[in-house]
Amino acid sequence: MNPIYLSRRKLITAATGLAVTGTNFLSAETSAEPDPLGKELIFRTNDPRNGEPALSRLVQSWITPVKDFYVRSHAPNPEIDAGKYLLKVEGLVAKPLTLDLSALKRFKRHKVVATLTCAGNRRTEFNSEAKVGGVQWEAGAIGNAEWSGFALSDVLKKAGLQDQAKHVWFEGLDKIQRKETTIPFGGSIPLEKVMQVADKPEALLADQMNGQTLPADHGYPLRAVVPGYIGARSVKWLGKIIVSDRPSPNHYLANAYKIVKSTSPIDLAEAGPIYRYPINGAIATPEAMASVSHGLLDVTGYVLPTGRPDTQAQRIEISSDNGLSWQAAQTFGKTSEYCWQLWKARIPVSTSTTFLTLRAFDSSGGFMPRRVPWNAKGYLQNSWYRLPIKVS
Ligand code: MTE
(Lines give C-alpha, C1' and ligand atoms only; values in the text may rest on other atoms or scores of the structure.)
Protein backbone atom coordinates (compact mmCIF):
# COMPACT_ATOMS: atom_id res chain seq x y z
CA MET A 1 0.00 0.00 0.00
CA ASN A 2 1.24 3.48 -0.76
CA PRO A 3 1.22 5.44 2.46
CA ILE A 4 0.00 9.00 2.42
CA TYR A 5 3.27 10.78 2.21
CA LEU A 6 4.36 13.87 4.07
CA SER A 7 7.13 15.75 2.36
CA ARG A 8 10.34 15.93 4.38
CA ARG A 9 10.44 19.69 3.85
CA LYS A 10 6.95 20.00 5.25
CA LEU A 11 8.06 18.03 8.27
CA ILE A 12 11.02 20.35 8.72
CA THR A 13 8.55 23.21 8.66
CA ALA A 14 6.38 21.51 11.23
CA ALA A 15 9.40 20.86 13.42
CA THR A 16 11.02 24.24 13.21
CA GLY A 17 8.42 26.77 12.27
CA LEU A 18 10.56 27.77 9.26
CA ALA A 19 8.43 29.34 6.54
CA VAL A 20 8.14 27.00 3.59
CA THR A 21 6.03 27.75 0.57
CA GLY A 22 4.68 25.57 -2.17
CA THR A 23 5.57 22.17 -0.76
CA ASN A 24 4.09 18.93 -1.97
CA PHE A 25 2.14 18.32 1.21
CA LEU A 26 -0.06 15.29 0.59
CA SER A 27 0.54 15.71 -3.13
CA ALA A 28 1.54 12.10 -3.82
CA GLU A 29 -1.12 10.04 -5.51
CA THR A 30 -2.21 7.39 -3.07
CA SER A 31 -3.83 4.05 -3.64
CA ALA A 32 -4.73 1.00 -1.58
CA GLU A 33 -4.37 -1.28 -4.62
CA PRO A 34 -1.12 -3.15 -5.27
CA ASP A 35 0.74 -1.72 -8.24
CA PRO A 36 -0.05 -3.75 -11.41
CA LEU A 37 3.66 -3.76 -12.35
CA GLY A 38 4.79 -4.87 -8.90
CA LYS A 39 6.39 -1.65 -7.74
CA GLU A 40 6.37 -0.78 -4.03
CA LEU A 41 6.86 2.92 -4.52
CA ILE A 42 5.32 6.18 -3.44
CA PHE A 43 3.84 7.31 -6.73
CA ARG A 44 4.21 11.04 -7.30
CA THR A 45 2.14 10.64 -10.49
CA ASN A 46 0.41 7.49 -11.74
CA ASP A 47 0.12 8.45 -15.41
CA PRO A 48 2.85 8.63 -16.46
CA ARG A 49 4.46 6.45 -13.83
CA ASN A 50 6.74 8.39 -11.50
CA GLY A 51 7.51 6.87 -8.14
CA GLU A 52 10.24 6.60 -5.53
CA PRO A 53 10.70 4.22 -2.60
CA ALA A 54 10.49 5.11 1.07
CA LEU A 55 14.07 5.87 2.09
CA SER A 56 14.11 3.22 4.82
CA ARG A 57 13.57 0.57 2.11
CA LEU A 58 16.18 2.09 -0.16
CA VAL A 59 19.22 1.42 2.00
CA GLN A 60 18.34 -2.15 2.91
CA SER A 61 20.61 -3.53 0.19
CA TRP A 62 23.46 -2.29 -1.98
CA ILE A 63 21.69 -3.59 -5.09
CA THR A 64 18.23 -2.06 -5.23
CA PRO A 65 15.52 -4.67 -5.92
CA VAL A 66 13.41 -3.81 -8.99
CA LYS A 67 10.29 -3.32 -6.84
CA ASP A 68 12.08 -0.57 -4.93
CA PHE A 69 13.82 1.07 -7.90
CA TYR A 70 12.45 4.52 -8.73
CA VAL A 71 10.63 5.06 -12.03
CA ARG A 72 10.80 8.30 -13.98
CA SER A 73 8.80 8.31 -17.21
CA HIS A 74 7.52 11.24 -19.26
CA ALA A 75 4.81 9.21 -21.02
CA PRO A 76 3.08 5.85 -20.58
CA ASN A 77 5.28 2.80 -21.11
CA PRO A 78 5.18 1.99 -24.84
CA GLU A 79 4.01 -1.53 -25.72
CA ILE A 80 6.82 -3.16 -27.63
CA ASP A 81 6.68 -6.58 -29.26
CA ALA A 82 10.20 -7.94 -28.69
CA GLY A 83 9.79 -10.24 -31.72
CA LYS A 84 9.41 -7.22 -33.99
CA TYR A 85 11.80 -4.95 -32.13
CA LEU A 86 14.54 -3.28 -34.20
CA LEU A 87 17.31 -0.91 -33.11
CA LYS A 88 18.49 1.48 -35.82
CA VAL A 89 22.03 2.85 -35.85
CA GLU A 90 22.54 5.68 -38.35
CA GLY A 91 24.08 9.12 -38.96
CA LEU A 92 27.84 9.58 -39.33
CA VAL A 93 28.60 5.89 -39.65
CA ALA A 94 30.18 3.96 -42.50
CA LYS A 95 27.42 1.36 -42.51
CA PRO A 96 23.99 2.00 -40.93
CA LEU A 97 22.71 -0.98 -38.93
CA THR A 98 19.27 -2.35 -38.13
CA LEU A 99 19.62 -4.83 -35.29
CA ASP A 100 16.99 -7.17 -33.86
CA LEU A 101 17.47 -8.61 -30.38
CA SER A 102 19.20 -11.75 -31.61
CA ALA A 103 21.70 -9.67 -33.64
CA LEU A 104 22.37 -7.59 -30.51
CA LYS A 105 22.92 -10.72 -28.47
CA ARG A 106 25.83 -11.66 -30.75
CA PHE A 107 27.84 -8.76 -29.27
CA LYS A 108 29.96 -9.54 -26.19
CA ARG A 109 27.83 -9.34 -23.04
CA HIS A 110 28.98 -7.02 -20.24
CA LYS A 111 27.64 -6.63 -16.72
CA VAL A 112 27.91 -3.22 -15.11
CA VAL A 113 26.74 -2.27 -11.64
CA ALA A 114 25.85 1.41 -11.68
CA THR A 115 23.68 3.83 -9.77
CA LEU A 116 21.02 5.69 -11.71
CA THR A 117 19.75 8.95 -10.29
CA CYS A 118 17.34 11.55 -11.55
CA ALA A 119 18.71 15.09 -11.90
CA GLY A 120 15.59 16.12 -9.96
CA ASN A 121 16.34 13.93 -6.92
CA ARG A 122 15.73 16.01 -3.73
CA ARG A 123 13.97 18.66 -5.85
CA THR A 124 11.35 19.43 -3.18
CA GLU A 125 14.07 20.95 -1.00
CA PHE A 126 14.15 23.94 -3.38
CA ASN A 127 10.46 24.64 -2.71
CA SER A 128 11.18 26.48 0.54
CA GLU A 129 12.60 29.31 -1.60
CA ALA A 130 10.09 29.13 -4.47
CA LYS A 131 8.16 26.21 -5.88
CA VAL A 132 10.00 24.34 -8.63
CA GLY A 133 8.23 22.53 -11.44
CA GLY A 134 8.59 18.85 -12.26
CA VAL A 135 7.93 15.62 -10.38
CA GLN A 136 8.11 16.42 -6.69
CA TRP A 137 10.93 14.09 -5.70
CA GLU A 138 12.19 13.63 -2.19
CA ALA A 139 15.54 11.79 -1.90
CA GLY A 140 14.46 8.42 -3.35
CA ALA A 141 14.92 9.06 -7.08
CA ILE A 142 18.04 6.92 -7.03
CA GLY A 143 18.85 3.21 -7.19
CA ASN A 144 21.77 0.87 -7.77
CA ALA A 145 21.38 -2.06 -10.16
CA GLU A 146 23.34 -4.62 -12.10
CA TRP A 147 22.76 -3.85 -15.77
CA SER A 148 23.64 -6.45 -18.37
CA GLY A 149 23.91 -5.87 -22.09
CA PHE A 150 26.23 -4.76 -24.87
CA ALA A 151 28.88 -2.07 -25.11
CA LEU A 152 27.67 0.84 -27.24
CA SER A 153 31.31 1.20 -28.36
CA ASP A 154 31.20 -2.32 -29.86
CA VAL A 155 28.01 -1.51 -31.79
CA LEU A 156 29.49 1.76 -33.08
CA LYS A 157 32.71 0.03 -34.07
CA LYS A 158 30.67 -2.41 -36.12
CA ALA A 159 28.84 0.47 -37.84
CA GLY A 160 32.14 2.32 -38.37
CA LEU A 161 32.52 5.94 -37.28
CA GLN A 162 33.07 8.79 -39.71
CA ASP A 163 35.74 11.39 -38.86
CA GLN A 164 33.31 14.19 -37.96
CA ALA A 165 31.48 12.01 -35.38
CA LYS A 166 31.33 13.74 -31.97
CA HIS A 167 28.01 12.99 -30.27
CA VAL A 168 25.76 9.95 -30.00
CA TRP A 169 22.03 10.64 -29.98
CA PHE A 170 19.49 8.29 -28.40
CA GLU A 171 15.80 8.21 -29.27
CA GLY A 172 13.18 6.33 -27.26
CA LEU A 173 10.05 4.65 -28.60
CA ASP A 174 7.77 6.46 -26.18
CA LYS A 175 5.43 9.23 -27.32
CA ILE A 176 5.43 12.33 -25.17
CA GLN A 177 2.68 14.88 -25.70
CA ARG A 178 4.23 18.34 -25.99
CA LYS A 179 2.04 21.24 -27.07
CA GLU A 180 0.40 20.22 -30.38
CA THR A 181 2.70 17.34 -31.12
CA THR A 182 4.22 14.14 -29.75
CA ILE A 183 7.96 13.62 -29.44
CA PRO A 184 10.13 10.75 -28.28
CA PHE A 185 12.30 11.10 -25.18
CA GLY A 186 15.86 11.55 -26.38
CA GLY A 187 19.22 13.13 -25.83
CA SER A 188 22.85 12.57 -26.55
CA ILE A 189 26.20 11.95 -24.94
CA PRO A 190 29.68 12.88 -26.15
CA LEU A 191 31.36 10.23 -28.27
CA GLU A 192 34.44 10.46 -25.99
CA LYS A 193 32.36 9.06 -23.13
CA VAL A 194 31.18 6.14 -25.25
CA MET A 195 34.61 5.25 -26.59
CA GLN A 196 36.54 5.50 -23.27
CA VAL A 197 38.72 2.46 -22.96
CA ALA A 198 38.04 0.85 -19.58
CA ASP A 199 37.33 -2.55 -18.11
CA LYS A 200 33.63 -1.85 -18.25
CA PRO A 201 31.65 0.08 -20.85
CA GLU A 202 30.94 3.76 -20.18
CA ALA A 203 27.70 3.36 -22.17
CA LEU A 204 25.79 0.12 -22.17
CA LEU A 205 22.80 -1.07 -24.21
CA ALA A 206 21.11 -3.06 -21.46
CA ASP A 207 18.51 -5.78 -21.93
CA GLN A 208 18.67 -7.03 -18.32
CA MET A 209 18.43 -5.49 -14.86
CA ASN A 210 19.43 -7.41 -11.72
CA GLY A 211 19.59 -10.66 -13.70
CA GLN A 212 16.05 -10.37 -15.11
CA THR A 213 14.70 -9.27 -18.47
CA LEU A 214 14.54 -5.48 -18.38
CA PRO A 215 11.12 -4.58 -16.87
CA ALA A 216 8.66 -2.45 -18.89
CA ASP A 217 9.07 0.48 -16.46
CA HIS A 218 12.83 0.48 -17.04
CA GLY A 219 12.85 0.37 -20.84
CA TYR A 220 12.01 -3.14 -22.11
CA PRO A 221 13.41 -4.52 -24.32
CA LEU A 222 16.51 -2.28 -24.49
CA ARG A 223 17.76 0.89 -22.83
CA ALA A 224 20.93 2.93 -22.67
CA VAL A 225 22.72 2.99 -19.31
CA VAL A 226 25.34 5.72 -18.98
CA PRO A 227 27.13 5.37 -15.64
CA GLY A 228 28.21 8.69 -14.11
CA TYR A 229 25.60 10.74 -15.99
CA ILE A 230 22.18 11.95 -14.83
CA GLY A 231 19.41 9.40 -15.42
CA ALA A 232 17.98 11.41 -18.33
CA ARG A 233 20.91 10.33 -20.50
CA SER A 234 20.03 6.65 -20.00
CA VAL A 235 17.26 6.56 -22.59
CA LYS A 236 14.70 3.78 -22.12
CA TRP A 237 12.82 1.84 -24.84
CA LEU A 238 15.68 2.68 -27.17
CA GLY A 239 14.63 2.80 -30.85
CA LYS A 240 17.35 4.73 -32.59
CA ILE A 241 21.00 5.69 -32.19
CA ILE A 242 22.23 8.52 -34.41
CA VAL A 243 25.89 9.48 -34.61
CA SER A 244 26.33 13.20 -35.24
CA ASP A 245 28.81 16.06 -35.23
CA ARG A 246 26.62 17.98 -32.74
CA PRO A 247 24.49 17.39 -29.60
CA SER A 248 20.94 16.12 -30.07
CA PRO A 249 18.22 18.71 -30.84
CA ASN A 250 15.73 16.63 -28.80
CA HIS A 251 13.92 18.78 -26.24
CA TYR A 252 15.30 16.75 -23.31
CA LEU A 253 18.87 17.64 -24.28
CA ALA A 254 18.47 21.01 -25.98
CA ASN A 255 16.01 22.68 -23.58
CA ALA A 256 15.36 20.55 -20.52
CA TYR A 257 17.80 19.23 -17.91
CA LYS A 258 19.62 22.53 -17.67
CA ILE A 259 20.42 24.68 -14.65
CA VAL A 260 18.52 27.92 -15.33
CA LYS A 261 17.06 30.72 -13.23
CA SER A 262 14.10 30.93 -15.61
CA THR A 263 12.99 29.01 -18.67
CA SER A 264 13.30 32.07 -20.91
CA PRO A 265 14.91 31.39 -24.31
CA ILE A 266 18.09 33.29 -23.39
CA ASP A 267 18.60 31.41 -20.13
CA LEU A 268 18.12 28.10 -21.93
CA ALA A 269 20.40 29.12 -24.81
CA GLU A 270 23.19 30.12 -22.43
CA ALA A 271 23.08 26.98 -20.30
CA GLY A 272 24.72 23.76 -21.39
CA PRO A 273 23.12 20.35 -20.95
CA ILE A 274 23.84 18.46 -17.74
CA TYR A 275 25.76 15.24 -18.28
CA ARG A 276 27.73 14.16 -15.18
CA TYR A 277 26.04 14.28 -11.79
CA PRO A 278 27.71 15.86 -8.74
CA ILE A 279 28.18 14.11 -5.40
CA ASN A 280 24.92 13.76 -3.48
CA GLY A 281 23.56 11.93 -0.46
CA ALA A 282 20.75 11.54 2.04
CA ILE A 283 19.97 10.23 5.48
CA ALA A 284 17.60 7.30 5.04
CA THR A 285 16.93 6.20 8.61
CA PRO A 286 15.54 7.22 11.01
CA GLU A 287 12.49 8.69 9.29
CA ALA A 288 11.90 12.40 9.25
CA MET A 289 10.34 13.53 12.56
CA ALA A 290 11.07 10.19 14.23
CA SER A 291 10.72 10.34 18.03
CA VAL A 292 13.97 9.09 19.52
CA SER A 293 15.52 8.99 22.97
CA HIS A 294 18.53 11.08 23.85
CA GLY A 295 21.80 9.19 23.85
CA LEU A 296 23.29 7.33 20.92
CA LEU A 297 21.26 7.15 17.73
CA ASP A 298 21.86 4.81 14.76
CA VAL A 299 21.67 6.56 11.43
CA THR A 300 22.03 5.16 7.88
CA GLY A 301 22.01 6.58 4.37
CA TYR A 302 23.65 6.77 0.99
CA VAL A 303 26.23 8.94 -0.73
CA LEU A 304 26.74 8.90 -4.48
CA PRO A 305 30.17 10.27 -5.37
CA THR A 306 30.61 12.56 -8.41
CA GLY A 307 30.07 10.66 -11.66
CA ARG A 308 33.72 10.86 -12.71
CA PRO A 309 35.78 7.76 -13.42
CA ASP A 310 37.56 6.26 -10.38
CA THR A 311 35.87 8.50 -7.82
CA GLN A 312 35.02 7.26 -4.33
CA ALA A 313 33.23 8.82 -1.38
CA GLN A 314 35.99 9.90 1.00
CA ARG A 315 34.47 11.58 4.02
CA ILE A 316 30.87 11.07 5.02
CA GLU A 317 29.99 13.10 8.10
CA ILE A 318 26.98 13.59 10.31
CA SER A 319 26.25 16.46 12.63
CA SER A 320 23.65 16.58 15.39
CA ASP A 321 24.41 20.20 16.32
CA ASN A 322 23.67 21.94 13.01
CA GLY A 323 27.21 21.72 11.66
CA LEU A 324 29.19 22.84 14.73
CA SER A 325 30.80 19.41 15.03
CA TRP A 326 30.87 16.44 12.68
CA GLN A 327 31.28 12.74 13.19
CA ALA A 328 32.58 10.35 10.53
CA ALA A 329 30.17 7.67 9.30
CA GLN A 330 31.33 4.11 8.50
CA THR A 331 30.80 2.75 5.03
CA PHE A 332 29.18 -0.63 4.46
CA GLY A 333 28.20 -2.67 1.40
CA LYS A 334 30.46 -2.53 -1.61
CA THR A 335 32.52 0.34 -2.96
CA SER A 336 32.48 0.43 -6.75
CA GLU A 337 32.97 2.99 -9.52
CA TYR A 338 29.77 4.90 -10.43
CA CYS A 339 27.92 3.30 -7.50
CA TRP A 340 26.49 4.73 -4.35
CA GLN A 341 28.15 4.14 -1.02
CA LEU A 342 25.95 3.05 1.86
CA TRP A 343 26.96 4.27 5.31
CA LYS A 344 25.98 4.08 8.96
CA ALA A 345 26.82 6.11 12.03
CA ARG A 346 26.02 6.07 15.73
CA ILE A 347 25.77 9.63 16.93
CA PRO A 348 24.98 11.34 20.21
CA VAL A 349 21.72 13.30 20.25
CA SER A 350 20.29 15.42 23.04
CA THR A 351 16.97 17.11 23.68
CA SER A 352 18.37 20.20 21.99
CA THR A 353 18.95 18.27 18.73
CA THR A 354 16.28 19.14 16.19
CA PHE A 355 18.11 18.14 13.00
CA LEU A 356 20.65 15.68 11.80
CA THR A 357 22.83 16.93 8.97
CA LEU A 358 24.78 14.96 6.36
CA ARG A 359 27.66 16.21 4.26
CA ALA A 360 30.18 14.27 2.17
CA PHE A 361 33.33 14.68 0.11
CA ASP A 362 34.79 12.53 -2.66
CA SER A 363 38.18 11.67 -4.13
CA SER A 364 37.73 13.92 -7.18
CA GLY A 365 37.28 17.05 -5.05
CA GLY A 366 33.50 16.98 -5.06
CA PHE A 367 31.59 17.92 -1.91
CA MET A 368 28.03 18.53 -0.80
CA PRO A 369 27.80 22.31 -0.24
CA ARG A 370 25.91 23.94 2.60
CA ARG A 371 23.50 25.49 0.11
CA VAL A 372 22.74 25.23 -3.61
CA PRO A 373 21.44 28.19 -5.62
CA TRP A 374 17.79 27.82 -6.59
CA ASN A 375 17.16 26.86 -10.21
CA ALA A 376 13.85 26.88 -12.04
CA LYS A 377 13.71 23.15 -12.78
CA GLY A 378 15.00 22.07 -9.40
CA TYR A 379 17.97 20.04 -10.62
CA LEU A 380 21.09 18.84 -8.81
CA GLN A 381 20.02 19.62 -5.25
CA ASN A 382 23.02 18.28 -3.37
CA SER A 383 23.28 20.58 -0.39
CA TRP A 384 23.81 19.27 3.15
CA TYR A 385 20.92 16.92 3.83
CA ARG A 386 18.94 17.91 6.89
CA LEU A 387 16.63 15.51 8.68
CA PRO A 388 14.31 16.76 11.41
CA ILE A 389 13.96 14.52 14.50
CA LYS A 390 12.26 14.79 17.91
CA VAL A 391 14.49 13.88 20.81
CA SER A 392 13.12 13.28 24.30
N1 MTE B 1 13.81 7.28 -21.48
C2 MTE B 1 12.63 7.43 -22.10
N3 MTE B 1 12.48 6.85 -23.30
N4 MTE B 1 11.61 8.13 -21.56
C5 MTE B 1 11.74 8.74 -20.34
O6 MTE B 1 10.79 9.37 -19.86
N7 MTE B 1 13.23 9.23 -18.45
C8 MTE B 1 14.64 9.50 -18.16
C9 MTE B 1 15.49 8.26 -18.40
N10 MTE B 1 15.17 7.66 -19.65
C11 MTE B 1 12.98 8.62 -19.66
C12 MTE B 1 13.99 7.85 -20.28
C13 MTE B 1 14.88 9.97 -16.82
S14 MTE B 1 14.58 11.61 -16.56
C15 MTE B 1 15.44 9.18 -15.86
S16 MTE B 1 15.87 9.84 -14.36
C17 MTE B 1 15.66 7.76 -16.08
O18 MTE B 1 15.22 7.34 -17.37
C19 MTE B 1 14.91 6.95 -15.04
O20 MTE B 1 15.11 5.60 -15.26
P21 MTE B 1 14.21 4.54 -14.49
O22 MTE B 1 12.76 4.89 -14.71
O23 MTE B 1 14.60 3.22 -15.06
O24 MTE B 1 14.57 4.64 -13.03
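Table for the structure above
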quantity: Overall dimensions of the range 197-279 as given by Cα atoms, namely Rg and Dmax in Å; calculated: 14.8, 45
quantity: Expected 222 nm ellipticity per residue - DSSP helices of 4 or more, -39500 (n - 2.57), all of the chain, to 500; calculated: -2000 deg cm²/dmol
quantity: Total charge dipole magnitude, the range 21-158, about the Cα centre, Cβ charges on Lys, Arg, Asp, Glu only, Debye to nearest 20; calculated: 840 debye
quantity: Per residue value of the accessible surface for the chain (all protein chains in place, 1.4 Å probe), Å²; calculated: 42 Å²
quantity: Spin-label pair S102/W374, simplified geometry with 7 Å Cα→Cβ offset, distance in nm; calculated: 5.8 nm
quantity: Extension reserve of the D47-A271 stretch, reckoned as 0.36 nm per residue once the Cα distance is removed; calculated: 77.6 nm
quantity: Residues with amide H under 5 Å from that of V260, placed H, sequence gap 5 or more; calculated: A376, K377
quantity: Solvent exposure ordering (accessible area, 1.4 Å, most first) of D245, D154; calculated: D245, D154
quantity: Separation of the K95 and D163 label points, Cα + 7 Å toward Cβ, nm; calculated: 2.2 nm
quantity: Kirkwood hydrodynamic radius of the chain, from inverse mean 1/r over distinct Cα pairs, in Å; calculated: 21.6 Å
quantity: Per-selection Kirkwood Rh - the range 299-381 (Cα, Å, 1 d.p.); calculated: 13.9 Å
quantity: Zone of D245's modelled label, taken as backbone nitrogen in the range 166-209 under 17 Å from a point 7 Å along Cα→Cβ; calculated: 166-169, 191-192
quantity: Listed pairs K108/K200; K67/K108; K95/K175 exceeding 21 Å between Cα atoms; calculated: K67/K108; K95/K175
quantity: Cut-off 12 Å between beta-carbons: net charge of the residues surrounding D298, Lys and Arg +1, Asp and Glu -1; calculated: +2
quantity: Segment T181-T351, length gained on full extension (0.36 nm per residue, minus Cα span); calculated: 55.5 nm
quantity: Relative contact order for the range 89-162, counting Cα pairs under 8 Å that sit 6 or more residues apart, in percent; calculated: 45 percent
quantity: Solvent accessible area, Å² - T45, 1.4 Å probe, full protein context; calculated: 40 Å²
quantity: Per DSSP, loop GluC sites (Glu not before Pro) in the range 141-249 with at most 16 further Cβ within 10 Å; calculated: E180
quantity: Excluding exposed DSSP-loop trypsin sites (Lys or Arg not before Pro) (at most 13 other C-beta within 10 Å), longest clean stretch of the chain; calculated: 1-104
quantity: Equivalent-ellipsoid semi-axes of the range 34-173, from the Cα gyration tensor, Å, largest first; calculated: 33, 19, 16
quantity: L296 versus E79: modelled label distance in nm, points set 7 Å from Cα along the beta carbon direction; calculated: 5.7 nm
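The values are calculated or read from the model by the stated rules, or taken from the named source; none is laboratory data. None of these values were measured; they are calculated from a predicted model. Neighbour counts run over all protein chains shown; Cβ positions are idealised from the backbone, glycine included. We work out accessible area using only protein heavy atoms, side chains counted, and drop any ligands, DNA or RNA first. Shrake-Rupley method; radii C 1.70, N 1.55, O 1.52, S 1.80 Å.
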